[in-house]
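Every read-out reported here was derived from the displayed coordinates using simple, explicitly stated rules and does not represent laboratory data. Just so you know, these numbers come straight off a predicted model, no measurement behind them. Heads up, the Cβs are rebuilt from the backbone with ideal geometry, glycines too, and the neighbour counts pull from every protein chain shown.
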Amino acid sequence: MPTIAVVLASTRPGRVGETVARWVLDQAAARTDARFELVDLAEADLPPLDEPLPPALGRYSQPHTHAWAQTVARYDGYLFVTPEYNHGLPGALKNALDRVYAEWHNKAAAFVSYGHDGGVRAVEQLRPIMASLQMADVGAQVNLNLRTDFVDYREFSPADHQSTALATTLDQLVAWATALAPLRAAGTPTAA
């Protein structure tokens, strides 16, 4: 059974992303085909990239990078809960993705985004990053609009169709995480 990290990408105080991540975890708890765990970037202790060598070499020197590598390596897939900031992804998420390399390989990824336009531009930027990290990102995604899925932009109140969108996204994520298991088990070599 795959283990999926629900990665909470926002680190700002008073973030609405925490409520969104809890909604994802509550919906996922009813599933019997995977385990889901929260990974909160606000608790990850990741300063700006401070490794002297490129992460693709896998020769990490900082204790926080080693800890992050172990965290990332534990999971078979990731559901990124991300806001859209200024038509893009949050810097904390980009930093977390860039910090390690091989630990992401042959894993599945999915997205729940939120923002004025549903956070779609953050996801558009994340998809090529996933390819660069040799991750398989699924087509389904959840886009939460601050005007229609939140009350006064703060209180999360998702439209009914969002639960269906999340179920489809989780179905695809679990299927891909499961399908990629033989590649992870074989330690398939990847180009650095």
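If R₀ is 41 angstrom, what is the calculated FRET efficiency for the pair E155 and H66, using the beta carbon separation as r and rounding to 0.05? Efficiency computed from Cβ-Cβ geometry: 0.60.
One decimal place: the segment A185-L53 gains 44.8 nm when fully extended, by the rule 0.36 nm per residue minus the C-alpha distance. Largest GNM mean-square fluctuation among D160, D45, D26, using the chain with Cα springs under 10 Å: D160. Remark on R35: its backbone amide H falls under 5 Å from those of T3, I4, a criterion applied only to residues 5 or more positions apart or on other chains, H modelled at 1.01 Å from N. Using a simple spin-label model with pseudo-atoms 7 Å out from Cα toward Cβ, H116 and Q134 lie 4.0 nm apart. Would you mind counting up the charge near K107? Only other residues with Cβ under 11 Å from its Cβ, with Lys and Arg at +1 and Asp and Glu at -1. Within the 11 Å Cβ shell, the charges total -1.
To the nearest 0.05, what FRET efficiency results for M1 and T164 with a Förster distance of 25 Å applied to their C-beta separation?
0.60
The HN-Hα couplings worked out from phi for region 118-128 by the Karplus form 6.51 cos²θ - 1.76 cosθ + 1.60 (θ = phi - 60°) are x, x, 5, 6, 4, 5, 4, 6, 6, 4, x Hz, whole numbers, x standing for Gly and Pro.
Electrostatic tally near E43: other residues with Cβ closer than 14 Å to its Cβ, Lys and Arg +1, Asp and Glu -1, net -2. Per residue, the average separation of C-alpha pairs within less than 8 Å and at least 6 apart gives region 3-186 a relative contact order of 22 percent.
DSSP beta bridges fully contained in the chain are about 10 percent antiparallel. Restriction of the trypsin sites (Lys or Arg not before Pro) in region 53-130 to DSSP coil positions whose beta-carbon has at most 12 other beta-carbons within 10 angstrom yields R59, R74. Put simply, when 4-12, 130-138 are sorted by average Cβ atoms within 10 angstrom per residue, most first, you get 4-12, 130-138. A cut-off of 5 Å between modelled amide H atoms, ignoring neighbours fewer than 5 places along the same chain, links Y114 with T82, E84, L144.
Here region 47-117 is treated as a sphere whose radius is the Kirkwood value from Cα pairs; by Stokes-Einstein at 37 °C and 0.692 mPa s it diffuses with a coefficient of 248 µm²/s. With K and R counted +1 and D and E -1, the other residues having a Cβ less than 14 Å from that of Q62 yield a net charge of -2.
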